[in-house]
Amino acid sequence: MKQNEVAKTIWIRNPKAVLSDFDCGGGIVIADSIITELLSSGDRPKRKVDVVFDASDLVLLPGLVNTHHHFYQTLTRAFKGALNKSLFHWLKSLYPVWAKLEPEDIHIATQLALAELLLSGCTTTADHHYLFPKGAEDAMDAQVVASRELGMRVTITRGSMSLGEDQGGLPPSEVLQNEEAILCDSARVASEYHDPEPGSFLQIALAPCSPFSVTTELMKETSLLANKLGLRMHTHLAETKDEIDFFAEKFNTAPLDYLEDSGWLNDRVWIAHGIHFADKEILRLGKSKVGISHCPSSNMVLGSGICPASRLEEAGCPLGIGVDGSASNDCSNMIQELRIAFLLQRSKYGAQNISHLDAFRWGTKGSATCLGRNDIGEIATGRQADLAFFELSELRFSGANDPLAALLLSGAHQAKHVMVGGNWRVRDGQICDLDIEDLMYRHRDAAEQLLVRAGY
Ligand SMILES: [Zn+2]
């Protein structure tokens, strides 16, 4: 059988360990794209299978789900002009560079970010794209092309910025779009690409960048449009103390009241960061089932604060994990992000209150719920066969006792195999059908040219 060929039925036999609520010691059976059987130790499939895959040296996770990213930022990693700055200053350093993005940049950056995510065990990812400079108005279409090339599931969010410096916002006018164009293109990409069915590979959500870069009218109009089209909604919220001050000065309100007044306090919304909330606000968010994308690396790089993730989850919020954009992380590695979330939340709440299983839940089922999906994020019958296989053969794992705990405690960073919908996408650490050296060459060149165009 060729590497990328789909087996009709496959038995993943006798894995070393499995992250599942069920006993899967004997492995799992996949038919086409779906998990059809979970086998207890010593059990065999009910029917004859086409392929038996020996997993006795492998730890098996549901494919990881990333809830927040900005793929284009892979072109501005570790940008000298933005080092050692907090969010608002960091953004102001980068906006003029991002204003020079061209269509092929979006395609290459998306390919590279997806490749990096896939190799880290991620099978589904959201992206928040809010930059549409002149000539790059079809950025969403470029992302769709790249996601199909990589064979991953994506929720691409049609972002927007419409509140410039001259109106009291943060971004310069050169990166803004007018609101009519934003809403028109949002409806277009939803109609062309959004697939709401189980097993979907492509979903669209609507995502004004942040309250300090769009008008209140656009927040409200976006909510109305999303409700009409049956789409989910996403934005950045309560990331920094500066943002809370901005709310008080410009709107004379707090982020959560602003969210409610704009029609955003409901279970079709997931927000990135969600750090600076009072206890009462956490309860309101939980009651409304607003999803939270916890982005620990980004929050630490920008010194934004620590998300009360555990409390938000207890209150009723779906809790997911996001790597955030690659200019504030500065990588796209989901299994590493789970380790960072585990360590950061443990440092906040204590060793006895946060376990590696909490971090795994956030990065799988919790993230899937944020994206409004119940067909992925779990190893269970009837779920999509999205799987990440890790081998504990590196030096860092030698002598490890609990295989699942070792992935986070010892710092796993790359999956050995990855399957999306029953289709192998990574085999032996290599992405199927992708020349990664060529992609990196083109990506490095694009990053250099972008800085040249921006005058660096
Ligand atoms: Zn972000």
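The values are calculated or read from the model by the stated rules, or taken from the named source; none is laboratory data. These numbers were taken from a predicted model, which means no experiment stands behind them. Cβ placement follows ideal geometry from the backbone for every residue including glycine, while neighbour counts extend to all protein chains displayed.
A compact table of results
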{"read-out": "Close pairs from the range 297-325: first over 16 Å from residue 69 (Cα atoms) and of a type in the set (Val, Ile, Thr), partner in a helix (DSSP H, G or I) and within 11 Å of the ligand (Cβ to nearest atom), Cβ under 8 Å, at least 6 apart", "value": "306/299"}
{"read-out": "Any hit, the range 298-315, residues being under 23 Å from residue 413 (Cβ atoms), among the basic types (Lys, Arg) and more than 16 Å from the ligand (Cβ to nearest atom)", "value": "no"}
{"read-out": "Conditions (1) away from the ligand (no atom under 16 Å from the Cβ); (2) of a type in the set (Gly, Ala, Ser); (3) surrounded by 21 or more Cβ atoms within 10 Å (Cβ to Cβ); number of the one not met by residue 109", "value": "(1)"}
{"read-out": "Residues that are assigned to a helix (DSSP H, G or I) and either within 16 Å of the ligand (Cβ to nearest atom) or touching a helix residue (DSSP H, G or I) at 6+ places or on another chain (Cβ under 7 Å) (or both), drawn from the range 126-149", "value": "139, 140, 142, 143, 144, 145, 146, 147, 149"}
{"read-out": "Among the candidates 71, 88, 79, 22, residue that is of a type in the set (A, V, I, L, M, F, W, C) and either outside the structural domain of residue 118 (by TED's automatic domain parsing) or at positive phi (or both)", "value": "22"}
{"read-out": "Within the range 315-426, helices (runs of 4 or more DSSP H) holding 2 or more residues that are assigned by TED's automatic domain parsing to the domain that holds residue 204 and basic (Lys, Arg)", "value": "334-349"}
{"read-out": "Sole exception among (1) farther than 30 Å from residue 98 by Cα; (2) surrounded by fewer than 16 Cβ atoms within 10 Å (Cβ to Cβ); (3) within 22 Å of the chain's Cα centre (by Cα) for residue 440, by number", "value": "(1)"}
{"read-out": "Odd one out for residue 321, checked against (1) crowded, with 23+ Cβ neighbours inside 10 Å; (2) of a type in the set (A, V, I, L, M); (3) away from the ligand (no atom under 16 Å from the Cβ)", "value": "(3)"}
{"read-out": "Residues that are in contact with a His (Cβ under 7 Å, 6 or more places away or on another chain) and within 16 Å of the ligand (Cβ to nearest atom), drawn from the range 226-239", "value": "234, 236, 237, 238, 239"}
{"read-out": "Residue that is farthest from residue 320 (Cα to Cα), among those in the range 68-84 that are within 15 Å of the ligand (Cβ to nearest atom) and assigned to a loop (DSSP other than H, G, I, E, B)", "value": "77"}
{"read-out": "Among (1) without any contact (Cβ under 8 Å) to a residue 24 or more places away in the chain; (2) within 15 Å of the ligand (Cβ to nearest atom) - the single one residue 253 does not satisfy", "value": "(2)"}
{"read-out": "Residue tally, condition of a type outside the set (D, E, K, R) and more than 22 Å from residue 163 (Cβ to Cβ), over the range 239-269", "value": "1"}
{"read-out": "Which numbered condition residue 326 misses (of (1) modelled with pLDDT under 95; (2) more than 15 Å from the chain's Cα centre (by Cα); (3) within 13 Å of the ligand (Cβ to nearest atom))", "value": "(2)"}
{"read-out": "From the options 408, 371, residue that is at pLDDT 95 or above, within 16 Å of the ligand (Cβ to nearest atom) and in contact with a Lys or Arg (Cβ under 8 Å, 6 or more places away or on another chain)", "value": "371"}
